[in-house]
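Asker: Dumping the structure here so I can ask a few things about it.
The values are calculated or read from the model by the stated rules, or taken from the named source; none is laboratory data. What you see is a predicted model, and the numbers here were worked out from it, not measured in a lab. Methodologically, a virtual Cβ is constructed for each residue, glycine included, from the backbone with ideal geometry; neighbour enumeration extends over all protein chains shown. Note: accessible area is taken over every heavy atom of the protein model, side chains too, but ligands, DNA and RNA are not part of it. Shrake-Rupley method; radii C 1.70, N 1.55, O 1.52, S 1.80 Å.
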Amino acid sequence: MSNLSDIFKNHKAFIPFVVADDPDFDTTVKNIIALAKGGADIVEVGIPFSDPIADGPVIQSADLRAFAAGVRTETVFEIVDAARKQTDVPIVFLTYLNVVFKYGYDAFCQRCQQSGVAGLVIPDMPYESRDEILPAATQAGIDIIPLITPTSGHRIEKIARAASGFIYVVSSLGITGERNEFFTGLKDLVANIRQYTDVPTAIGFGVHTPDQAKTMAGIADGVIIGSAIVDIVAKEKQNAPQAIETFTKSVRTAVDASQGARV
Amino acid sequence: MTKLKAEAQKTRAGIYAGTYGGQYIPETLMTELEKVDHAFHTLKDDPAFKAELHDLLVNYANRPSLLYYAKNMTKDLGGAKIYLKREDLNHTGAHKINNVIGQALLAKHLGKKRLIAETGAGQHGVATATIAALFGMECEIFMGKEDTDRQKLNVYRMELLGAKVHPVTTGSMVLKDAINAALQEWATRSEDTFYVMGSAVGPYPFPEIVKHFQSVISKESKAQLKAKENTLPDMVVACVGGGSNAIGSFADYIDDPSVRLVGVEAAGKGVNTDQTAATIERGSVGIFHGMKSLFLQNEDGQINPVYSISAGLDYPGVGPEHAALAKEGHAQYVGITDDESVQAFEYIAKQEGIVAAIESCHAIAYVEKIAPTMRKDQIIVCTLSGRGDKDVASIAKYKGVDIDE
Ligand SMILES: Cc1ncc(COP(=O)(O)O)c(C=O)c1O
């Protein structure tokens, strides 16, 4: 197990997301460093997949830009290694199971350990399918970050009880992308999860403004912002690091203003 | 108990078909999949449900389909006796309706008001739109933009039936991308919506559900051949896209060791080219579209763009039970190219007066090759999965013939 959970102590966590190799290697390295400087608690790095079925158009396009840059799975590890020379910000990967499966569960988890990647978010690996990767992850001290959604219902208990690192609470049904409306029962959903576990929760999917981040951080222990940052990268390209650092600072301030951090 | 039966029972328990199958799908859909699983397993042997299904198959879909003795082909090829299982004569013109009726009944019992589906050639979309019309349900179909272009007739047919057709413009804009889009739509709206999976693919329990409802093909063919010839076939041949008509054609023969089962994949420009959809011959184990199975992919696990002249076979994966059958040697899988299938399209039209779907013509092309090598007292049952009206325009184009569409 990693020490991801500790990050959520005494303050609300902010977890931004970028796609690796979008638009190129150096920019991604700088983006990770900029996110850390701007005040990210954990940086979530996406390993591109040809068919990202949980992702909306913004992240799909980022994956395509990364493929155009020639991204390989190994490239992503090299990006993290390069960033590691300048930052020790905790990093988790978001990718699809086939990418990990093809690399080999053991080899992948060991490579994560080597690069200091603390956790894996795999949207197409539900609770029932995690057993095949769990031994490799445990061995390497890597958390499998589970997702809990507004439709999880009776499944929440078993997912929450088995969780480590943090729990990714999906804010709304469907796919990633900026949204202005969220599932109205998020407070109850988080309360329900907390019945079964002390593992911290972070809300993501669709959150894109500092104000929304503040609200979500008020409900859960942290907030994840993906598409909004990827969108900045799309617009700013090589100038993205400066722009996302500014954005991250504004979200940091907003998140810090929300009350009720765990102790 | 054979090894395969043991594997199959594990699938039934909702775990894994050994190496293949499983449930690799976003959490958002898991509760819904549990509901589908429960509904299927409680209803499939329920007498009232079975009666309802049977009534629709007989009185609406025109079952049983004929087992037709292809006298001219048999004579011309000079080897095994050839029987064609005529799924092309079903209402809507393909085997797809068997599965759609079954799943739409499940949807009805689950209280769903809306059906969504992916489609490649458009046959599954047409079947789903048809049953949605019959049941008074809403219907939305996801179809790759490439396929809406090459199967225009079926797009119009679906719209005529009251469905909304969404051309999918992501990825390579074919069947795989249509499944992605349909899964995304289902994850967004499952409350009132049932995803009618069109082939024996996807997360458990879909491969099992599709097999169950398509098994009517082999149940009938076995009884029909027994009545005509009082024997089992020596070989059963069917084309394989995701594998629904093939698994349905094989199902009742899987435990008959004397029956050779042959699945015919689309080799596109050739099994050894990059422009192919021959998943079993060229693919490797991977996890995609909810299942562990064989996929055409690169060494990083990125799914490859695939190619076939046939929109219905243009898929980078295959149903998990076919991957298992191939591995265990219970079935054999071969590739047929675009050229060979187009030749078969013309051959069966001229020999038997049947315009067959280009998908089915892949199976026919294999029969043309294998029948002459077999004895005259041997029997092949080949599934004609669909009729070919939808393909006439694109085959004409392939042949360089200019017809006004
Ligand atoms: C006529 C016909 N045959 C075969 C197929 C391939 O599907 P499957 O392998 O699921 O039978 C299709 C799919 O669209 C089809 O329309």
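Asker: Return yes when residue B:298 is out of contact with any helix residue (DSSP H, G or I) (no Cβ under 8 Å at 6 or more places or on another chain), surrounded by fewer than 23 Cβ atoms within 10 Å (Cβ to Cβ) and either more than 10 Å from chain A (Cβ to nearest Cβ) or without any contact (Cβ under 8 Å) to a residue 12 or more places away in the chain (or both) and no when it is not.
Answerer: Yes.
Asker: Now for a separate question. Mind checking whether some residue in region A:132-142 is free of Cβ contacts under 8 Å to residues at least 40 places away in the same chain and crowded, with 22+ Cβ neighbours inside 10 Å?
Answerer: Yes, region A:132-142 contains at least one residue that is free of Cβ contacts under 8 Å to residues at least 40 places away in the same chain and crowded, with 22+ Cβ neighbours inside 10 Å.
Condition check ((1) more than 14 Å from every other protein chain (Cβ to nearest Cβ); (2) within 22 Å of residue A:8 (Cα to Cα)) across all residues:
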residue: A:116; (1), (2): yes, yes
residue: A:121; (1), (2): no, yes
residue: A:128; (1), (2): no, no
residue: A:131; (1), (2): no, no
residue: A:135; (1), (2): yes, no
residue: A:141; (1), (2): yes, yes
residue: A:152; (1), (2): no, no
residue: A:169; (1), (2): no, yes
residue: A:179; (1), (2): no, no
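Asker: Still on this structure, I have one more. Give the residues of region B:24-66 that are touching a Pro at 6+ places or on another chain (Cβ under 7 Å) and more than 14 Å from chain A (Cβ to nearest Cβ), sorted by residue number.
Answerer: Scanning region B:24-66 gives a single hit, B:40.
Asker: What tally of residues in region B:63-93 results from selecting those that are of a type in the set (A, V, I, L, M), in contact with a helix residue (DSSP H, G or I) (Cβ under 9 Å, 6 or more places away or on another chain) and within 14 Å of the ligand (Cβ to nearest atom)?
Answerer: Here the count works out to 1.
Asker: I've got another one for you. Of all helices (runs of 4 or more DSSP H) completely enclosed by region B:98-198, which ones contain at least 1 residues that are open to solvent by less than 60 Å² (accessible area, probe 1.4 Å) and closer than 20 Å to residue B:60 by Cβ?
Answerer: Those helices (runs of 4 or more DSSP H) span B:123-135, B:152-160.
Asker: Hey, any hits in region B:352-359 for a residue that's closer than 20 Å to residue B:202 by Cβ and either in the same structural domain as residue B:247 (by TED's automatic domain parsing) or in contact (Cβ under 8 Å) with a residue 60 or more places away in the chain (or both)?
Answerer: The answer is yes; a qualifying residue exists.
Asker: Continuing with this model, one more query. When you look at residue B:344, is it open to solvent by 10 Å² or more (accessible area, probe 1.4 Å), touching a residue at least 12 places away in the same chain (Cβ under 8 Å), assigned to a helix (DSSP H, G or I) and not hydroxyl-bearing (Ser, Thr, Tyr), yes or no?
Answerer: no
Asker: From the set of residues in region A:186-196 that are without any contact (Cβ under 8 Å) to a residue 40 or more places away in the chain and open to solvent by less than 20 Å² (accessible area, probe 1.4 Å), which is farthest from residue A:220 (Cα to Cα)?
Answerer: If we take residues in region A:186-196 being without any contact (Cβ under 8 Å) to a residue 40 or more places away in the chain and open to solvent by less than 20 Å² (accessible area, probe 1.4 Å), then A:186 is farthest from residue A:220 (Cα to Cα).
Asker: Would you mind stating whether residue B:246 is more than 11 Å from the ligand (Cβ to nearest atom), of a type in the set (Gly, Ala, Ser) and in a helix (DSSP H, G or I)?
Answerer: no
Asker: Can I ask one more? For region B:105-126, enumerate the residues that are more than 18 Å from residue B:183 (Cβ to Cβ), in contact (Cβ under 8 Å) with a residue 60 or more places away in the chain and within 17 Å of the chain's Cα centre (by Cα).
Answerer: The answer is B:121, B:122, B:123.
Asker: Those residues that are of a type outside the set (A, V, I, L, M, F, W, C) and open to solvent by 40 Å² or more (accessible area, probe 1.4 Å), I need them from region A:1-23; list them, please.
Answerer: If the condition is that a residue be of a type outside the set (A, V, I, L, M, F, W, C) and open to solvent by 40 Å² or more (accessible area, probe 1.4 Å), then A:3, A:6, A:9, A:10, A:11 are the ones that fit.
Asker: Please identify the pairs in which a residue from region B:155-182 that is within 14 Å of chain A (Cβ to nearest Cβ) has its Cβ atom under 8 Å from the Cβ atom of a residue that is among the basic types (Lys, Arg), counting only partners at least 6 apart or on another chain.
Answerer: B:168/B:145; B:169/B:145; B:173/B:145
Asker: Right, another one. Answer with yes or no whether residue B:355 is more than 15 Å from the ligand (Cβ to nearest atom) and in contact with a Lys or Arg (Cβ under 7 Å, 6 or more places away or on another chain).
Answerer: The answer is no for residue B:355.
Asker: Right, something else. Out of (1) farther than 22 Å from residue A:174 by Cβ; (2) hydroxyl-bearing (Ser, Thr, Tyr); (3) open to solvent by 40 Å² or more (accessible area, probe 1.4 Å), the odd one out for residue A:209 is which?
Answerer: With respect to (1) farther than 22 Å from residue A:174 by Cβ; (2) hydroxyl-bearing (Ser, Thr, Tyr); (3) open to solvent by 40 Å² or more (accessible area, probe 1.4 Å), residue A:209 is out only on (1).
Asker: Go through region A:66-76 and give me each residue that's more than 12 Å from chain B (Cβ to nearest Cβ) and either touching a Pro at 6+ places or on another chain (Cβ under 7 Å) or under 13 Å from residue A:116 (Cβ atoms) (or both).
Answerer: Within region A:66-76, just A:69 meets the criteria.
Asker: Now for a different question. Which of the following residues is at pLDDT 95 or above, within 16 Å of the ligand (Cβ to nearest atom), within 14 Å of chain A (Cβ to nearest Cβ) and under 19 Å from the mean Cα position of the chain (by Cα): B:341, B:385, B:293, B:360?
Answerer: B:293
Asker: Now for a different question. Looking at region B:313-327, I want the residues that are closer than 12 Å to residue B:278 by Cβ and within 14 Å of chain A (Cβ to nearest Cβ) and have a partner that is outside any loop (DSSP other than H, G, I, E, B) and within 9 Å of the ligand (Cβ to nearest atom) with Cβ atoms under 6 Å, at least 6 apart or on another chain. Which pairs are those?
Answerer: Listed pairs, sorted by first residue: B:315/B:175.
Asker: Across region A:101-116, what is the number of residues that are farther than 21 Å from residue B:295 by Cβ and not in a helix (DSSP H, G or I)?
Answerer: So the answer is 1.
Asker: Just to be sure before I move on: is residue B:60 more than 16 Å from the ligand (Cβ to nearest atom) and farther than 20 Å from residue B:247 by Cα in the structure I sent?
Answerer: yes
Asker: Out of everything in region B:224-246 that is in contact (Cβ under 8 Å) with a residue 24 or more places away in the chain and polar (S, T, N, Q), what residue ends up being surrounded by the fewest Cβ atoms within 10 Å (Cβ to Cβ)?
Answerer: If we take residues in region B:224-246 being in contact (Cβ under 8 Å) with a residue 24 or more places away in the chain and polar (S, T, N, Q), then B:231 is surrounded by the fewest Cβ atoms within 10 Å (Cβ to Cβ).
Asker: Take the residues of region A:154-165 that are open to solvent by less than 30 Å² (accessible area, probe 1.4 Å) and closer than 14 Å to residue A:201 by Cα: which is nearest to the other protein chains (Cβ to nearest Cβ)?
Answerer: Across region A:154-165, the extreme among qualifying residues is A:159.
Asker: So which residues in region B:1-57 are modelled with pLDDT under 95 and assigned to a helix (DSSP H, G or I)?
Answerer: Hits for region B:1-57 are B:3, B:4, B:5, B:6, B:7, B:8, B:9, B:10, B:11, B:12.
Asker: I would also like to ask the following. Give region B:271-284 a look and list any residue that's closer than 30 Å to residue B:378 by Cα, in a loop (DSSP other than H, G, I, E, B) and open to solvent by 10 Å² or more (accessible area, probe 1.4 Å), or say none.
Answerer: B:271, the sole residue that qualifies.
Asker: Which of (1) within 14 Å of the ligand (Cβ to nearest atom); (2) open to solvent by less than 10 Å² (accessible area, probe 1.4 Å) is the odd one out, the single condition residue B:367 does not satisfy?
Answerer: (1)
Asker: Wholly within region A:117-202, which strands (runs of 3 or more DSSP E) include no fewer than the required count, namely at least 2 residues that are within 20 Å of residue B:187 (Cβ to Cβ)?
Answerer: Answer list for region A:117-202: A:167-170.
Asker: Just checking, how many residues over region B:40-88 are open to solvent by less than 40 Å² (accessible area, probe 1.4 Å) and of a type in the set (Val, Ile, Thr)?
Answerer: Qualifying residue count, region B:40-88: 2.
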